[in-house]
Every structure is written in C-alpha cells, then in structure tokens.
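K.L.:
This structure is in structure tokens; I'll ask about it shortly.
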Amino acid sequence: MDLTYIVVTLVKLVILFGVLMTTLAYLQWIERKVIAHIQLRPGPYRVGPHGLLQPLADVIKLITKEGMIPSHVHKVTYVLAPFLAVTLALVSICVIPFGPRITFSVAGHQISTWLQMTDLRIGAIFVLAISAVGVYGVALAGWSSNNKYSLLGGLRSSAQMISYELPMALALACPLLLANTLSFRDIVLWQDGYYFGFIPHWNVFQVFPLQIFAFILFLIAAFAETNRIPFDLPEAENELVAGFHTEYSSMKFASFFMAEYCNMVTVTCVTTLLFLGGWLPLFPAPWSDYVAPAVFLLAGLVSAWAALNPARPKDKYTFPVVALASFGLVALFLAGEFVFPIINQIAMPLFWFCAKTGGLLFVWIWVRGTLPRFRYDQLMRFAWTFMFPVGMVVMLATGAVVALLPR
Amino acid sequence: MAPAHAVPLNWYLILSAILFALGIAGFLYRRSIITVFMSIELMLNAVNLSFIAFSYHWKQVDGHIFSFFVMVVAAAEAAVGLAIILTVFKNRKSLEIDEISSMKY
Amino acid sequence: MDTALFIVFAVIALLCGINLVVQTHPISSALSLIGVMSALAVLYLLLGAEFLAAAQMIVYAGAIMVLFIFVIMLLNAGTERVTPTRHLLKVMGVPLIAVFLGIVAFIIQGLLPRSELVWFGGFQGGGPREVGIPLFTRYLLPFEVTSVLILIAIIGAIILAQKEID
C-alpha cells in the first residue's frame with residue numbers, strides 16, 4: 001500500500017471517470033447523428049459545429065430544470081431508484097481491463113501497472129451480479145411513481161431484465177469454459193496468439209461455429225438487458241408514456257439516461273473482452289501497428305475531401321479542423337511507432353479496444369435505427385422458449401468440447 | 001503473521017447471532033405475511049454468515065458449499081412460498097396472518 | 001483497514017436488520033433486507049468467500065428479492081395495520097431482548113477462547129475453482145438433488161400461481 005500505488009490508482013480513477021462521463025455524453029450525440037443519417041436527416045447540427053455542443057446544452061438544461069418530487073410518490077424509493085441505477089451502472093467499469101501492463105518511469109519512479117482499476121478473481125460473475133442488482137433501479141422507479149403506466153413499465157422492464165439474465169449467463173459461460181478462468185485479464189491473455197500466423201485466437205473464432213452462436217446469443221441478451229431496441233417496449237414513448245421514468249424530471253431523469261448508456265458501454269466492453277479479444281490486435285504485431293495510423297489517415301483524407309466539396313456552407317470551416325485532428329493523430333501514432341515507444345505501449349491496445357467497442361456500439365445504434373420493437377409477450381416467449389434452450393445447448397456443446405479435447 | 005488491523009472471528013459470530021435474533025423477532029412480531037417471510041430469509045442469511053465464518057476458522061471450503069446449498073434451498077422456498085402467498089391472497093383477500101388463520105373459509 | 005470495513009458493514013447490516021423488523025410498509029422491509037444481503041456479501045469477501053459473495057448478490061439480492069418485490073407490487077401490499085400493543089410489553093420487551101443478546105454474546109465469547117483473527121486474504125480457498133471442485137466431486141449427490149429440488153419448486157410455483165381454468 002505504498003504511496004506510488006495509491007497515486008497511480010487515483011490517477012487511473014480520475015482519468016477513467018473523466019473519459020467515461022465524456023463518453024456517455026458524446027455517445028448520445030453519436031447516437032442521434034447516426035440515427036439521423038439512417039433516417040436521411042442531418043441530426044443536431046446547430047448547437048456548435050455539427051451539433052458537438054448539443055450534449056453540453058442537454059446537460060445544462062437537465063441540471064437547471066426544476067427537479068420536483070410529486071406529492072403522491074413514495075418519497076424514499078422515488079429518490080433512491082435513480083441513485084441506485086446510476087451507481088450500479090458505474091461500478092462495473094472498475095473491473096474492465098482496457099489494456100495490458102504498461103511500464104514507464106516518471107520523475108524517477110518506475111511505474112508498472114495494468115490499464116484496469118482492479119482485477120478480481122471473479123470478474124465475470126461480478127459484472128453479472130451488478131447487472132442482477134441493477135434491476136432494482138427500474139422496478140423501484142416504476143413502483144414509487146404511484147402511476148399505473150410507470151408501474152406496468154417498471155414491472156415489465158424488470159421481468160424482461162431478469163428473464164434475459166439467464167441466456168446471458170449461459171452465453172457468458174462458454175468463453176469462461178474455454179479460458180478456464182473468471183478473471184477478465186486472464187481471459188484476454190488466453191486469447192493471445194494466432195492460428196496459421198494470421199487468424200487471431202479470439203474466443204469468437206474458437207471451436208469454429210459454436211462460439212459464434214454464443215457471441216450472437218450474448219449480444220441479443222445484452223440488447224434486452226440494457227432495454228434497447230428491439231427490446232425497449234417498457235420504456236418506449238409511444239407505448240407506455242415513457243414507462244418507468246414518466247414521473248421523473250431533471251437530474252433524476254438524467255440519471256436514468258446516464259445509467260442506460262453506461263450499461264450499454266459496460267456490456268459492449270464485456271463482449272469485447274470475452275469474445276473479441278479485448279485489446280489484442282487483429283493480426284500479429286509489427287503490421288498491426290500500422291492499422292491505427294492508416295485508419296486515421298483515411299479519416300483525414302475523407303475530411304479533407306469533404307472540406308473541399310462542402311455540402312453546407314459551414315463545412316468549409318469545420319471539416320479542415322477534423323482533417324487536421326486526424327492527421328495529428330496519424331503523426332502521433334507514427335511517432336509512437338518510431339520515436340517514443342511509450343506512446344505505442346499505451347495507445348495501441350487502447351486503440352484496438354476502443355475500435356472493437358466502438359464497432360459494437362455502432363451496431364447497437366444501427367439496430368436502434370433499423371428494427372421495430374418486440375411486443376411484450378413475444379419478447380418473453382423468445383427468451384424462455386428460444387434463447388434459454390439454445391443457450392443450454394451451446395453451453396453443453398462447449399462443455400463437451402472442453403472435456404473431450406486434450407488440454 | 002496476522003496484520004495489525006484484523007478482526008476477531010467472534011465478532012462475525014456475534015453479528016450472525018444478532019441478525020438471527022432479529023429474524024426471530026420479526027417472525028414472531030410482524031403481522032404481514034410477506035414480512036414474516038422476509039424475516040425467515042434474514043434468519044437464513046445469518047446462518048450463512050455463521051457457516052462461512054466457521055469455514056474460515058477451519059480453513060476448509062465445506063462451509064462455503066453448505067452455504068451455497070442453503071442459498072439454493074432458500075431460493076426454492078421463496079418461489080413456492082410466494083406462490084402460496086399469491087393463492088392465499090386470491091382467496092382470503094388479506095395479507096394479515098390473523099385474518100387468514102382459520103382453516104375453514 | 002479490515003476493522004474499519006468490518007465495523008462499517010456490520011453496522012449497516014444491523015441497522016438494516018432492525019429496520020426490517022421496525023418498518024410497517026413491506027417495500028421498506030424488502031429494501032432493508034436487500035441492504036442486509038449486500039452488507040453480508042461484503043463481509044463474505046472479508047472472510048475470503050469471493051464466489052459466495054458473488055452468488056449471494058446474483059441469487060439472493062438479484063433474484064429472490066426481486067421476486068419478493070414483484071409480489072409486493074402485484075399484491076399492492078400496503079402499510080400494516082398497527083394494533084396498539086400493551087405498554088408493559090413495550091417497556092419490558094426491549095430490555096429483555098438486550099439481556100438475551102448479552103447472554104448469547106457472552107456464551108459465544110466463551111466458545112472460542114483463543115479468538116482467531118480474520119484478515120482479508122487469510123483464507124485463499126474460497127475462489128470459484130476451490131468451491132467448484134468439491135461441489136462436483138465430493139458433493140455431487142447433494143448438487144444433483146438440489147437441481148431436482150429446484151425443478152419441484154418451479155413446477156409447484158407454476159401450478160400454484162396459475163390462473164384458474166374456468
């Protein structure tokens with residue numbers, strides 16, 4: 001418990017919290033922009049360049065709105081529910097590793113630390129436990145509002161969440177069986193290595209078609225756990241007058257919103273760690289280091305082209321900034337490759353982790369813009385008569401493979 | 001061997017005993033059948049704590065396994081008990097144990 | 001550090017336990033019970049039972065108590081009717097309980113004279129592998145029997161809670 005350890009942990013905590021809060025705010029912006037482009041409209045673009053200050057405007061609005069507690073609610077649970085929802089949503093980020101061990105020396109101290117708040121031996125079931133208790137935020141919010149729409153929305157939503165916890169746990173058990181450990185760090189380290197030199201040893205490619213079923217099952221269960229379309233009947237605006245958060249305003253409503261996005265981020269991070277190899281690159285080391293500069297170079301060139309053929313008059317000024325930022329990142333990654341290896345040590349795993357998680361978040365938002373929603377009885381029937389048996393079969397098959405193959 | 005800030009095992013057992021006594025008090029005193037049921041769950045939790053404390057004492061894992069089985073049995077009992085409570089409520093329209101105590105309706 | 005954690009979570013468990021018995025509305029009692037279970041999960045972690053702590057949160061606080069809360073919400077269980085208790089009972093009840101607890105505490109203090117010290121990390125055998133291997137080898141029969149027990153409970157609950165077929 002020496003001072004270095006405490007300071008390093010505090011720095012990690014501050015960085016993690018800052019990045020997480022910014023990500024949650026801008027995830028909403030990304031969602032609105034992506035859904036808008038799917039629906040052939042521009043999305044928010046007035047508040048700041050390309051609507052980038054929209055989350056700030058929303059935060060200011062939500063904070064300064066009158067936060068009232070209606071007189072007919074059960075006050076203790078009314079105030080407790082959003083607090084519980086957002087606290088539990090933020091807790092599970094602590095066990096997610098974003099990168100491997102990094103070692104560097106600053107001000108004479110040699111610091112060697114994992115890019116993770118803490119590693120638990122039971123990391124995977126810790127996340128499951130937190131999401132199991134996370135049901136209460138929704139159920140208590142629905143009940144305490146003393147309103148039949150909220151009660152129905154809350155009960156339906158919590159019944160949906162606990163029904164889909166089972167297929168999620170079964171699908172989660174498959175990579176755990178293969179990796180033979182519950183700690184996230186060891187699961188990612190187990191996925192290191194390449195078949196034939198270029199196919200990564202990720203869990204989704206193991207035992208060839210089987211783990212893809214586990215991956216898809218986990219994704220579908222995760223959609224239902226986070227109450228996102230196509231499973232968002234309990235909170236849909238045109239079905240249940242906004243469901244369980246009908247009676248909430250201002251900061252408490254913002255808490256539920258933040259909790260939903262944070263759950264989304266957590267569950268995509270967990271999917272990345274379990275199935276897609278966490279921070280490990282797609283192909284072996286020397287060539288995969290050039291993917292990051294190549295991606296940002298492409299982004300810079302596209303922005304430069306968009307700056308030269310502007311679709312709207314303001315684009316002449318905003319896209320060059322984007323292009324400059326992208327080229328700056330390219331320079332950073334190339335510097336990290338050739339000049340300062342410390343940058344590559346931290347930035348490369350983070351790039352791969354964020355690329356995979358970002359891809360999955362894009363899939364989440366894409367599905368929201370594309371699919372209609374399930375009716376409630378269809379949703380429950382799907383969970384119990386399809387997902388649960390399929391999950392059992394996949395887990396049994398994985399278990400049989402693990403037992404029969406020599407290790 | 002033991003670091004300076006360590007807790008005597010007796011304190012865990014005392015906590016377990018107090019929680020068990022609170023469970024008994026709730027079981028005997030409360031009138032709503034659901035709260036009575038919750039007091040039973042409190043008693044089971046206190047017993048779990050006791051099992052795990054003794055498992056630490058003997059440095060064996062058997063206490064944990066027994067505690068696991070207690071949890072499973074409590075889950076099964078909660079499911080059936082709550083179903084019974086639902087049926088009783090449907091028939092007697094009340095949740096107070098004094099009003100549903102007669103066998104003949 | 002361990003002492004501070006133990007005292008904080010033991011006090012939380014005790015306060016929630018007292019709250020469970022004292023509150024009149026079933027939802028408040030249910031929330032207090034969830035508080036007790038969470039505090040106990042932390043105490044299990046201090047005693048080295050990490051798998052049990054996670055199982056406690058998933059099974060007890062995450063499933064059983066959700067079931068309780070559903071039933072309370074569905075039955076719209078309201079505040080209990082308070083019957084006036086006799087004054088003598090109230091005056092004598094609390095001191096008698098305190099005396100009883102004191103006797104129990106004294107007996108337990110006498111049971112383990114050389115009181116073993118508990119510190120975080122003192123028992124390493126509570127992880128998933130260490131719990132799982134005996135569960136599937138030495139205690140395989142009780143494990144399979146509990147699976148049948150759960151099946152019985154599921155069937156019983158479905159039949160009891162079914163709508164009557166007219």
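K.L.:
Pick from C:Ala63, C:Ala54, C:Ala39 the residue whose mean-square fluctuation is largest in a GNM of chain C, springs joining Cα atoms under 10 Å.
P.N.:
Between C:Ala63, C:Ala54, C:Ala39, it is C:Ala63 that shows the largest mean-square fluctuation.
K.L.:
Using Cα pairs under 8 angstrom and six or more residues apart, how large is the relative contact order of the range C:15-102, in percent?
P.N.:
Result for the range C:15-102 is 28 percent.
K.L.:
Per the Kirkwood formula on distinct C-alpha pairs, the Rh of chain C is how many angstrom?
P.N.:
19.8 Å
K.L.:
Take each uninterrupted DSSP H stretch in chain C, measure its Cα extent along the helix axis, and return the ones at 24 Å or beyond whose mean Kyte-Doolittle hydropathy is at least 1.0.
P.N.:
Membrane-span-like by this criterion, though nothing is claimed about a membrane: C:2-22, C:26-46, C:87-111, C:140-160.
K.L.:
Nearest 500 deg cm²/dmol is fine: what mean residue ellipticity at 222 nm does chain C get from its DSSP H runs of n ≥ 4 alone, each adding -39,500 (n - 2.57), divided by its residue count?
P.N.:
-23000 deg cm²/dmol
K.L.:
Another one. Could you work out the relative contact order of the range A:254-407? I mean the mean sequence separation of Cα pairs under 8 Å and 6+ apart, divided by the number of residues, in percent.
P.N.:
Computed over the range A:254-407, the figure is 25 percent.
K.L.:
Taking the Cα of A:Met380, stepping 7 Å toward and past its beta carbon, and measuring to each backbone N in the range A:132-176: which are under 14 Å?
P.N.:
Under 14 Å, as judged by backbone N against the label point of A:Met380, lie A:152-164 of the range A:132-176.
K.L.:
Using a simple spin-label model with points 7 Å from Cα along the Cα→Cβ vector, what separation in nm is obtained for A:Gln39 and A:Tyr5?
P.N.:
5.2 nm
K.L.:
I would also like to ask the following. For A:Lys356, go through the lysines and keep the ones whose alpha-carbon is under 20 Å away, minus same-chain ones fewer than eight residues off.
P.N.:
A:Lys33
K.L.:
Given springs between every Cα pair under 10 Å in a Gaussian network model of chain A, which of A:Ala383, A:Ala224, A:Ala304 has the largest fluctuation?
P.N.:
Evaluated over chain A, the most mobile residue of the options is A:Ala304.
K.L.:
Collect residues whose amide H, placed 1.01 Å from N in the peptide plane, falls under 5 Å from the amide H of C:Val118; neighbours closer than 5 in sequence don't count.
P.N.:
Placed amide hydrogens put B:Val7, B:Leu9 under 5 Å from C:Val118.
K.L.:
On to the next question. Contour minus end-to-end for A:Ile15 and A:Leu189, with contour as 0.36 nm per residue of separation and end-to-end as the Cα-Cα distance?
P.N.:
That works out to 60.3 nm of additional length.
K.L.:
Any idea what % of Cα-Cα pairs in chain A are farther than 42 Å?
P.N.:
Details: 13708 of 82621 pairs.
Here the tail beyond 42 Å accounts for 17 percent of pairs.
K.L.:
Tell me, rounded to the nearest percent, the portion of alpha carbon pairs in the range B:31-100 spaced more than 17 Å apart.
P.N.:
Counting pairs separated by more than 17 Å, the tail of P(r) holds 52 percent.
K.L.:
What's the exposure ranking of C:Glu116, A:Glu247, going from fewest to most Cβ atoms within 10 Å?
P.N.:
Values: C:Glu116 17, A:Glu247 23.
With the sparsest Cβ surroundings first, the list reads C:Glu116, A:Glu247.
K.L.:
Over chain A, with a Gaussian network built from C-alpha contacts below 10 Å, which listed residue (A:Met264, A:Met21, A:Met395) shows the highest mean-square fluctuation?
P.N.:
Among A:Met264, A:Met21, A:Met395, the largest GNM mean-square fluctuation belongs to A:Met21.
K.L.:
For the pair A:Gln110 and B:Arg92, what calculated FRET efficiency results from E = 1/(1 + (r/R0)^6), where r is the Cβ-Cβ distance and R0 = 60 Å, to the nearest 0.05?
P.N.:
About 0.25, to the nearest 0.05.
K.L.:
Averaging sequence separations of C-alpha pairs under 8 Å and six or more residues apart, then dividing by the length of chain A, give the relative contact order as a whole percent.
P.N.:
20 percent
K.L.:
Same structure, new question: Order these by the 10 Å Cβ neighbour count, fewest first: A:Thr246, A:Thr370, B:Thr87. Walk me through the intermediate numbers first.
P.N.:
Working: A:Thr246 20, A:Thr370 11, B:Thr87 14.
In order of increasing Cβ crowding within 10 Å: A:Thr370, B:Thr87, A:Thr246.
Here, each number is a calculation from the coordinates, and none is a lab measurement. Note that the structure is a prediction, hence the values are computed from the model and not measured. Counting neighbours? That spans all protein chains shown, and the Cβs are built from the backbone with ideal geometry, glycine included.
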